[in-house]
Amino acid sequence: MITRRHLIATAVAAPAILRFGTGTAHAATTLKISHQFPGGTVDKGDFRDRLCRMFAAEVSKRSNGDIAAEIYPNSSLIKTNAQFSAMRKGALDISLYPMPYAGGELPETNIGLMPGLVTTYDQGLRWKKEPVGKALIDFLADKGIILLTWVWQAGGVASRSKPIVAPEDAKGMKVRGGSREMDMVLQTAGASVLSVPSNEIYAAMQTGACDAGITSSTSLISFRLEEVAKSLTSGAGASYWFMLEPLMMSKAIFDKLPKNQQDVLLTVGAELEAFGRKGAQDDDVEVAKVYEKAGAKVSVLDAAIVGKWRDIARDTAWKDYGAKTATAANLLKLATDVAA
């Protein structure tokens, strides 16, 4: 297991390990890890970047330097939306990637942000061991993707004007939802929608192209949306917006590695799931503090309001998604079974 002692050692060793490994008998396999979030260090910054750095350092350590890794934050290696396709083609090794960003390529991946479907961390993280998790893992593997670390994140809403809490609050506003299905719910509520990755929400809100953005608590902080927002709706207590944002790997690259290295990657990835959950939940609390300090009004969701959003989603987004493909219908059924 990754312990506190491991993390302290990793924090000291990381800069050297990330690029070069420690092995001397032969050249290390160097993996490129890309993501769209701000870069930091092992112990400071966006927890998603930290998770990637911890993964890289621990994999290098456990493989005795046979695996090294280079981290590319801020979509500096490959543009955000292109990372999934690049992994499928073997042109990118690993990415911490918001799964529904791949919805245009594989509509089934939109199960990773189906409004009102996942409403707690416990529920989302149960997927891995339930039939829905096996079905999703098998589907992605068939499409060239290996899931290494399951990461779920609750979300909230940053708004340039009035808060968006209940569905009726969205009427007449331009809102970034984060997935096709979330957009359908917003449109049913009377909003117009804007489809951009989370690292482009700031510019959209700053220019007025977007009135409000729904995204994870961590992105609400990391992308400094409090600078352009007057209102925040926090998802800390309850949320209809849960994003599956895993660390994933190109199967083409994974399959080329010897089994002992594959085992290291899978083991370290699984062990980091606890860190991912804690990072997400810590930011669910922290985001309200950040926005209050900036002078924004902070509102909260409760079970009754989440239920209103879910009712709309069932009649629109869930039905539309379930009708896409047989795989989508099966994933939705299995995920609904976990929610029951």
- Item | Output for the range 185-194, where each listed residue is out of contact with any strand residue (DSSP E or B) (no Cβ under 8 Å at 6 or more places or on another chain), open to solvent by 20 Å² or more (accessible area, probe 1.4 Å) and within 24 Å of LEU244 (Cα to Cα) | THR188
- Note on the structure: Filtering the range 161-184 down to residues that are crowded, with 23+ Cβ neighbours inside 10 Å and either closer than 30 Å to ASP49 by Cβ or of a type in the set (D, E, K, R) (or both) yields ILE164, VAL175, ARG176, GLY177, GLY178, SER179, GLU181, MET182
- Within the range 126-160, how many residues turn out to be open to solvent by 20 Å² or more (accessible area, probe 1.4 Å) and either at pLDDT below 95 or on the phi > 0 side of the Ramachandran plot (or both)? 0
- Message: Tell me whether the range 106-122 contains one or more residues that are in contact with a strand residue (DSSP E or B) (Cβ under 9 Å, 6 or more places away or on another chain), of a type in the set (Asp, Glu) and open to solvent by less than 40 Å² (accessible area, probe 1.4 Å).
- Response: no
- Under 6 Å by Cβ, and 6 or more places apart or on different chains, what pairs join a residue from the range 66-88 that is closer than 20 Å to VAL268 by Cα with one that is in a strand (DSSP E or B) and basic (Lys, Arg)? GLU70/LYS32
- Note on the structure: Residues in the range 210-233 that are touching a Lys or Arg at 6+ places or on another chain (Cβ under 7 Å), open to solvent by 20 Å² or more (accessible area, probe 1.4 Å) and small (Gly, Ala, Ser) total 0
- Residue count, the range 18-48 (criterion: at pLDDT 65 or above and farther than 23 Å from GLY90 by Cα): 10
- Task: Taking LEU266 as meeting all but one of (1) closer than 17 Å to PHE55 by Cα; (2) open to solvent by less than 40 Å² (accessible area, probe 1.4 Å), write down the number of the exception.
- Result: (2)
- If we scan the range 276-289, do we find a residue that is under 25 Å from THR188 (Cβ atoms) and buried (at least 16 other Cβ atoms within 10 Å of the Cβ)? no
- Within the range 77-89, restricting to residues that are assigned to a helix (DSSP H, G or I) and of a type in the set (A, V, I, L, M, F, W, C), the one that is most open to solvent (accessible area, probe 1.4 Å) is ALA82
- Query: Within the range 302-320, is there a residue that is touching a residue at least 40 places away in the same chain (Cβ under 8 Å), outside any helix (DSSP H, G or I) and within 15 Å of SER234 (Cα to Cα)?
  - Reply: yes
- Task: Check LEU7, LEU51, LEU92 and return the single one that is in a helix (DSSP H, G or I), of a type in the set (A, V, I, L, M, F, W, C) and modelled with pLDDT of 95 or more.
- Result: LEU51
- Subset of the range 90-105, residues under 15 Å from MET249 (Cβ atoms) and surrounded by 23 or more Cβ atoms within 10 Å (Cβ to Cβ), comes to LEU92, ILE94, SER95, LEU96, TYR97, MET99, ALA102
- Query: What helices (runs of 4 or more DSSP H) lie completely within the range 102-208 and have 2 or more residues being in contact (Cβ under 8 Å) with a residue 40 or more places away in the chain and in contact with a Lys or Arg (Cβ under 8 Å, 6 or more places away or on another chain)?
  - Reply: 121-126, 201-207
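The values are calculated or read from the model by the stated rules, or taken from the named source; none is laboratory data. As the structure is a computational prediction, the values presented were derived from the model and not from experiment. Counting neighbours? That spans all protein chains shown, and the Cβs are built from the backbone with ideal geometry, glycine included. All accessible areas refer to the heavy atoms of the entire protein, side chains included, with ligands and DNA or RNA removed. Shrake-Rupley method; radii C 1.70, N 1.55, O 1.52, S 1.80 Å.
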